[in-house]
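Contents: one structure, followed by commentary.
The values are calculated or read from the model by the stated rules, or taken from the named source; none is laboratory data. All values reported here derive from a predicted model rather than from experimental measurement. As a convention, Cβ positions derive from the backbone with ideal geometry for all residues, glycine included, and neighbour counts pool all protein chains shown.
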Amino acid sequence: MTKLLLLFILCFSTNVYALSSKGHWLVCQLAFENLPSTQKDALAKLTNHFPVKQQQQINTYLNRDANFKVTFADACSWADAIRNDVQYSSFKSWHYVNVARDQISVNDDACHGHCIIDAITHHQQQFINRTSSVEKIQALLFLAHWIGDLHQPLHVSFKSDLGGNKIKVVDKINSNKHMCKNLHQVWDRCLLGQSSKNTLLNSNKDLLPASPVDYLTTDNILFWATQSLTISRSKITGYCKQFSSNLTCSSSHQAIIFDHGYYNQNRPILIKQIKLASLRLNLFLAEHL
């Protein structure tokens, strides 16, 4: 009974906090595959220092054998796998940032050490400054995860509806266990469809062209967050049903229809966000490995 309860909690928590494990894998694998071979080797060696216990946590989260070989891309889901570990309970709010309903950009007072904006800076500095290989790979895996989450638009959203978790969806595409029941789930996983990780990777192998806003700086993190907020507020996302004269985003009171029209409009947006996250992670890795 206890194990069943824990499984239920883990499944529910995933819907609240996380770009899916498939999405995080795609962000990190695409970033990895576009590194020079020497840096790929360096990252693989660093990943080997990830403690066995924590590799087992990832494998449990991914429903695999506990001793399965964990790659860097696999390990990018670690921050989700440990959500219910009391040692990391202070990180629960680091997966997202809440903004005011009339806010159209994210500024540097968005949070005070307790959201994804500061989480990225915190683990960026940890990775750069720590000398222990274990501490460096842990910091990098957090950083990679936060970058992925920041590019899922509904991780930059509103507290009152839990980032779209309270916005109901009528799923007309999926059935049974694959169904999405709220808008956050749609953007976490249903827009990626049921294609395998490798199928998604093979159709998105090339990184987008880089520009100055793609390098990891404090100002650029805020720019990335604002990009996600703009998508969250856009009409086709369905998160904001109407705008008052002061640009306040009103919560939807009707279920959103998730059909092929919604899928075809919004899937390319999520794929582009994932590719932006991959590019930005890749640039950081290329500079600091």
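Figures for the structure shown
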| item | result |
| --- | --- |
| Filter pass, residue 182 being surrounded by 21 or more Cβ atoms within 10 Å (Cβ to Cβ), farther than 17 Å from residue 73 by Cβ and in contact (Cβ under 8 Å) with a residue 12 or more places away in the chain | yes |
| Of residues in the stretch 89-118 being within 16 Å of the chain's Cα centre (by Cα) and farther than 30 Å from residue 235 by Cβ, the one modelled with the highest pLDDT | 118 |
| Helices (runs of 4 or more DSSP H) wholly inside the stretch 113-196 that include at least 3 residues being out of contact with any helix residue (DSSP H, G or I) (no Cβ under 9 Å at 6 or more places or on another chain) | none |
| Qualifying positions in the stretch 197-206 - surrounded by 13 or more Cβ atoms within 10 Å (Cβ to Cβ) and not in a loop (DSSP other than H, G, I, E, B) | 197, 200, 201 |
| Among (1) farther than 19 Å from residue 229 by Cα; (2) outside any helix (DSSP H, G or I) - the single one residue 106 does not satisfy | (1) |
| Failed criterion for residue 168 (all others in (1) under 19 Å from the mean Cα position of the chain (by Cα); (2) in contact (Cβ under 8 Å) with a residue 24 or more places away in the chain hold) | (1) |
| Candidate set from the stretch 207-216 (those that are outside any helix (DSSP H, G or I) and free of Cβ contacts under 8 Å to residues at least 60 places away in the same chain); member that is farthest from residue 269 (Cα to Cα) | 211 |
| Subset of the stretch 101-140 that is without any contact (Cβ under 8 Å) to a residue 40 or more places away in the chain and of a type in the set (Gly, Ala, Ser) - its residue that is surrounded by the most Cβ atoms within 10 Å (Cβ to Cβ) | 119 |
| Single condition residue 92 does not satisfy, out of (1) assigned to a helix (DSSP H, G or I); (2) in contact with a Phe, Trp or Tyr (Cβ under 9 Å, 6 or more places away or on another chain); (3) under 19 Å from residue 151 (Cβ atoms) | (3) |
